[in-house]
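S.K.: Quick one: the structure is below, questions incoming.
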Amino acid sequence: MGLLTRLAFLEGCALVIGFFAIVAFKIANGTISLADLLYAKEAGRTKVRQSEAGGGRAGAEGPVQGDKRVFSPGRLQLLIFTVAVAAHYLHAVVVNPNQLPDVPQGVINALGGSQAVYLAGKALAAYIQPLHKNLR
Amino acid sequence: MANNEQQPIPYLWIPVVAFAALMIAVLFFFLRMPAKATANDQLTLLAGSVILVLIACIGLVVLINMATNRIDLANLLSEPGGGASLSRFQFLIFTFVVSLSLFLIIAHDYKFPDVPGGVLTLLGISASTYAVGKGITATDPVHMAKKGPPTPPAAAQAAPAQPAPPQPAPHV
């Protein structure tokens, strides 16, 4: 039974590390794109994509308009907070691997607030800003 | 979709079968049955070995397909409107962290631990943010305008409207 347990452990390690390594490698070499991760769409402002504005594919439909994206501090704070919480949790498990550590209520509240800010910004860009622009 | 047209990897079965054979050989030569093993113990050992080899083979196939882009991960973090989605990225990180933690604890104690409410709340917040963000993107007027009006199914377009067949007179 000991050999079976050891093999199961090695297999689990290989699968978890394999999945993680493939996703991390694809993020690192750009196959999984992280472009515009920290950029939010700014409603009401559009830019013409360079590749399509010069003719070619634009054809009869005219140039395709892309969204203007601007740097979002809300996304940056959410990213920092996410990485910090994940690292803290993993550290707690490595230090004491007897049970899953609970997440402090303060962290959950902060994460909920952070997510709320992120979603509010997204909703603002999607609904409120176009309405405001139309009213003007 | 171009990715659906990809051909399966030729001779993928060779490494999978070789790996399975290696595992079976290791189990066959090195796995020792206890002297006073009951039929229940033998069945447990056999079932464990079969499940171990099966999961290893399935995992190997999935990993090979992921590594060779047969399973396309390019849009794993992408939003429908373009660009990477922070909520998807966060969901990915938390999923990896919790699964790795769970694996470490199970490997340490050989028992499934209780999952605290705080962890479930954390994953719940992350998943609901992802769902709400997806809803906002899908109902975004700009995004909907780009997609255009929904088109009726091709079959409905092609087939002319058929008159309804005459109904039999009801029996009185």
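S.K.: Any residue that is in contact with a helix residue (DSSP H, G or I) (Cβ under 8 Å, 6 or more places away or on another chain), closer than 30 Å to A:H88 by Cβ and at pLDDT 80 or above - is there at least one of those in the range B:65-75?
M.R.: Scanning the range B:65-75 turns up at least one residue that is in contact with a helix residue (DSSP H, G or I) (Cβ under 8 Å, 6 or more places away or on another chain), closer than 30 Å to A:H88 by Cβ and at pLDDT 80 or above.
S.K.: Assuming B:L120 fulfils every condition listed in (1) modelled with pLDDT under 85; (2) under 30 Å from A:F9 (Cβ atoms); (3) more than 7 Å from every other protein chain (Cβ to nearest Cβ) apart from one, which condition is it?
M.R.: (1)
S.K.: Can you name every residue in the range A:71-105 that is open to solvent by less than 50 Å² (accessible area, probe 1.4 Å) and small (G, A, S)?
M.R.: Correct list: A:S72, A:G74, A:A86, A:A92.
S.K.: Only residues that are more than 9 Å from chain B (Cβ to nearest Cβ), in a helix (DSSP H, G or I) and not hydrophobic (A, V, I, L, M, F, W, C): list them for the range A:79-121, please.
M.R.: A:H88, A:H91, A:G106, A:N109, A:G113, A:S114, A:G121
S.K.: For the range B:27-43, give me the residue count where each residue is of a type outside the set (F, W, Y), in a helix (DSSP H, G or I) and open to solvent by 70 Å² or more (accessible area, probe 1.4 Å).
M.R.: Qualifying residue count for the region: 5.
S.K.: Mind listing just one residue for me: the one in the range B:69-87 that is open to solvent by 50 Å² or more (accessible area, probe 1.4 Å) and within 10 Å of chain A (Cβ to nearest Cβ) and, of those, nearest to A:A84 (Cα to Cα)?
M.R.: Checking each candidate, the answer is B:L76.
The values are calculated or read from the model by the stated rules, or taken from the named source; none is laboratory data. Not measured: the values here are computed from a predicted model. Virtual Cβ from ideal backbone geometry, glycine too; neighbours counted across all protein chains shown. Surface areas here come from the heavy atoms of the whole protein model, side chains and all, with no ligands, DNA or RNA. Shrake-Rupley method; radii C 1.70, N 1.55, O 1.52, S 1.80 Å.
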